[in-house]
Every structure is written in structure tokens, then in C-alpha cells.
Ligand code: TGC
Ligand code: FAD
């Protein structure tokens, strides 16, 4: 029996019926709705906002949250598969879902009051309220402990001043989860679009994640009511706890991007005739394709086990760091190699490889750079903090 070229270890057989159904639904959405338009959207540097309604209808926003808040009650493996299938289309679409689900709905769910959950989560699940997550600041995202944005108590309100940079969804967002330093440690605030002193400015000229909105946020004495402070967490563990959720999903996403690239390169190399034989008939080419399959298979098994650990409540942040590092590295190497196998044809967005390769430059950088995750693993091994 022939093996599936993108699932050589039959990882799919390890999925439950529900997990397979989720994967199939999102795969269909990506094939029918994302892939036909995404090359142009990337060219035009346009986030395809017209897809948000369908993404919400499919239940992909806050998919793991309880149904009482509009969530889908899915497990973490299903969420991972959603990320994988969306990123097979484009990292920008997966980013939109990651930020809304893991970085905006999750902190409201995990750190918010019942009133805050009722107020925002159902509308966010329906795609009526879009969120963004403001942690990174212009002076250095790897070191969020050195945060300059401050929140000062003023009667019943807080006054927020500072700036955030590289914020996904910034100009699309109705609300921003902004992390700020207070006298009592770092705290999270829900800043609403239109609050005086709050502005978002889109970052242009990106060569990566062009089908995604990235912005700077500016806060100049923004008056935020106490009702918008997330009361149930203080300190850096608040934002880092959100990052653990999002990074987990990001371990799965690049598997999708890598599969899309391998699919394209396999098809191309079997059809392209050079020196009187298909490109794929050369040993040097088969070695490269086999290497891609090896890396994808390892990444699939890593993410699946990570998801099973997460669903069992046993996942450690260091394990997420290892998988985020491994899977982003595996995907960017594959995307670049596939681009090369396409020759000159590989340099336009008519083919997917260069788009994925460029997108993955962001994916390997955001949510903790490759170096940050390597140092997290190094710290675990040695017990020495090298940051
Ligand atoms: P440390 O000072 O030791 O710890 C602070 C507190 O946080 C706890 N903690 C974690 N909790 C949950 N998850 C984690 N991953 C955690 N890591 C640490 C820790 O236990 C401690 O708690 P407590 O109770 O003792 O106060 O912090 P650290 O030394 O571990 O952190 C250093 C470092 C470099 C790893 C951290 O600062 C870091 O991860 N830096 C990278 C920052 C980053 O990833 N930024 C991402 C911004 S968001 C983004 O990129 C979105 S892109 C989205 C998209 O478009 O898809
Ligand atoms: P820096 O922290 O300045 O790092 C520069 C270089 O130094 C990197 O190579 C890094 O690995 C290296 N380095 C850092 N520390 C060390 C060390 N101790 N030893 C050795 N090398 C080190 N942030 C948000 O808060 N919300 C978002 O929604 C969001 N979306 C993003 C979307 C995109 C498209 C991008 C590109 C970024 C986004 N980010 C977001 C920001 C992202 O998290 C940061 O870019 C990332 O954390 C790195 O921070 P930095 O860019 O300031 O780089």
C-alpha cells in the first residue's frame, strides 16, 4: 500500500474522529476559499477581511473555549490542526486566528471577570469584535520584562502611556489587550478603539506576512476604566501564559506551510523535464525531497505529542519552545529549498513557495525568536539562565 506523501507515519490514524472532521473542514475552507485568492492578497499587501465571517462561522475563533462564551469546546489537538490547515494556505490567515483566539480571547477567559467574558467573548467568537495583543515595544521585543508602557491609577480609571510595535491586527482591531507596568507589576488592560489618546498606525513595506495587518500602537494618557483591567493575573506570567497558548498553535502552523511547499515542489519536479528526464528522477533532487518528508514527519509527531500533553494538562513551556524552534526551522528550510527547486518560476507569487518562505521569516521571529527558544531549552538543560 502506498504511503501518503505528506503523512508518511500515518499520524492521521492517531487522531480521533472529531479531530479528523475538524481537519477536513478547515482543509476544505483553505482549498476553496484561501488558496484561490491568497497570492493576489499577498501581492496587494491586503488582509482578506472578507473571510472573517466564514472563519467565525466555522467556529475557528476561540475554538477551545467553552460553548457558554461562544467557543467550540474543542481540544488542543483540534486547535493545532486548525492552525496547520490554515497555514497551508497562508501564515497571515493563521496569524489572524492565533491572535484572536490565543492572545486576545484566552487572556479575557483566563484572567478576566465573568462580566468581561460575557461582554467580549461571544462577539469575538462571532468575528464581530476583533482583537490585537500589545506586548512588544520598539526598544526590544525579546525582553518584555523591560517594559516602558505604564498604567497609573487615576480615581476609578487608569491612564496608559507608551507604545507597542509589530502588532498583528492592530488597525483591524476593536479592542487591544495592552500589557503595561503598574506599581503592582505588569497588568493587562482592554483598550477600546476610539478611546481618546489611543491610535494605531499600519506598518507598510513588509516583505513578509503581507496578507496580514501589522501595526504600531500609540497610547498617550489613554483613560481606561477599572472595569477594563484584567484582574486575575499580575506580572510577566500574564502575557507569557498567553504566549504559551499561541506558541503551541504555531508549532502546528508551519507544518501546513511546509506541506504546501513540498506538494508544489513534488508536482513541479515530476513534470519538469531537464536533460531528457523529469527533474525528480535525479538522485540529488530525491535526496532533497526525502529530507523534506523526514523533517515534516518529525514535526508532525512532535506537535501531536505536545498536543496530547497539553490536553492532559502536562505540557511545559520548554516543550513548546523546542517544538516552536524545530517546526519553524523545518518549515523555513523546506520553503527555501522548494523555492530553489522551482528555479526562476519560484520567484513569483504564482507559486506558493516564496510566499511561504517570506512569511516564515516572521513566524520564526514572532512569539519568541529562534534564539530565545534555543536559550529556553539551554536553560532547562543546564539550569543556567543565559538571557
Ligand atoms: P521570568 O522572569 O523567569 O518569568 C516571569 C514569570 O512568567 C512565568 N513564565 C511563564 N508562564 C507561562 N508561560 C511561559 N512560557 C512562561 N515563561 C515564564 C514564570 O514562571 C514567572 O512566573 P512567576 O510566578 O515566578 O512570576 O521570565 P523568563 O526568564 O522565563 O522569560 C525570558 C524570556 C526571554 C523567555 C521571555 O521574556 C520571552 O519569552 N521573550 C520573548 C517575548 C515574546 O515571545 N514576545 C512575543 C510577543 S507576541 C507576538 O509575537 C505575537 S505574533 C502573533 C501572530 O501574529 O501570530
Ligand atoms: P529583538 O528582541 O531586538 O531581537 C533582535 C535579535 O537579537 C534577534 O535575532 C534575537 O534572537 C536576538 N537576541 C535577543 N536577545 C538575545 C540574547 N540574549 N542572546 C542572543 N541573541 C539575542 N508582538 C506583539 O506583542 N503582538 C503581536 O501581535 C505581534 N505580531 C507580530 C507580527 C509580525 C509580522 C512580526 C514580525 C512581529 C510581531 N510581534 C508581535 C513582535 C515579535 O514578537 C518580536 O518581533 C519578537 O519578539 C522579537 O523582538 P524584536 O523584533 O524587538 O527583536
* Asked: For the stretch 192-216, what are the residues that are more than 16 Å from ligand 1 (Cβ to nearest atom) and not in a loop (DSSP other than H, G, I, E, B)?
  -> 192, 198, 199, 201
* Scan the stretch 192-226 for residues that are free of Cβ contacts under 8 Å to residues at least 24 places away in the same chain and exposed (fewer than 14 other Cβ atoms within 10 Å of the Cβ) and jot them down. => 194, 205
* Does residue 25 count as in contact with a strand residue (DSSP E or B) (Cβ under 9 Å, 6 or more places away or on another chain) and surrounded by fewer than 17 Cβ atoms within 10 Å (Cβ to Cβ)? -> no
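Can you find a residue that is more than 20 Å from residue 41 (Cβ to Cβ) and surrounded by 17 or more Cβ atoms within 10 Å (Cβ to Cβ) anywhere in the stretch 346-356?
Step one: of the stretch 346-356, the residues more than 20 Å from residue 41 (Cβ to Cβ) are none.
So far as the stretch 346-356 goes, no, none of its residues is more than 20 Å from residue 41 (Cβ to Cβ) and surrounded by 17 or more Cβ atoms within 10 Å (Cβ to Cβ).
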* Tell me, please, whether a residue that is in a loop (DSSP other than H, G, I, E, B), near ligand 1 (Cβ under 10 Å from one of its atoms), within 30 Å of residue 73 (Cα to Cα) and in contact with a helix residue (DSSP H, G or I) (Cβ under 6 Å, 6 or more places away or on another chain) can be found in the stretch 126-145. => yes
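Quick one: which helices (runs of 4 or more DSSP H) sit completely within the stretch 279-387 and have at least 1 residues that are more than 13 Å from ligand 1 (Cβ to nearest atom) and touching a helix residue (DSSP H, G or I) at 6+ places or on another chain (Cβ under 7 Å)?
Numbers: elements: 283-311, 317-341, 353-363, 370-382.
The qualifying helices (runs of 4 or more DSSP H) are 283-311, 317-341, 353-363.
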* Could you pull out the residue among 92, 72, 80 that is assigned to a helix (DSSP H, G or I), more than 21 Å from residue 189 (Cα to Cα) and away from ligand 2 (no atom under 12 Å from the Cβ)? => 80
* All but one of (1) surrounded by fewer than 21 Cβ atoms within 10 Å (Cβ to Cβ); (2) within 19 Å of the chain's Cα centre (by Cα); (3) within 16 Å of ligand 2 (Cβ to nearest atom) hold for residue 333, so report the exception by its number. => (3)
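Which residue, of 179, 120, 166, 158, is closer than 27 Å to residue 34 by Cβ and either in a strand (DSSP E or B) or within 12 Å of ligand 2 (Cβ to nearest atom) (or both)? Don't jump to the end; show me each part of the working.
Values: 179 fails: closer than 27 Å to residue 34 by Cβ; 120 fails: either in a strand (DSSP E or B) or within 12 Å of ligand 2 (Cβ to nearest atom) (or both); 158 fails: closer than 27 Å to residue 34 by Cβ.
166 is the lone residue from the list that is closer than 27 Å to residue 34 by Cβ and either in a strand (DSSP E or B) or within 12 Å of ligand 2 (Cβ to nearest atom) (or both).
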* Structure fact -> For the stretch 177-191 the number of residues that are more than 12 Å from ligand 1 (Cβ to nearest atom) and touching a residue at least 60 places away in the same chain (Cβ under 8 Å) is 2
* Asked: Quick check: is even one residue across the stretch 90-105 away from ligand 1 (no atom under 14 Å from the Cβ) and touching a helix residue (DSSP H, G or I) at 6+ places or on another chain (Cβ under 7 Å)?
  -> no
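Values quoted throughout were computed directly from the atomic coordinates according to the rules given, and no laboratory measurement underlies them. All values derive from a computational prediction rather than experimental measurement. Note that we place each Cβ from the backbone using ideal geometry, even for glycine, and neighbour counts take in every protein chain shown.
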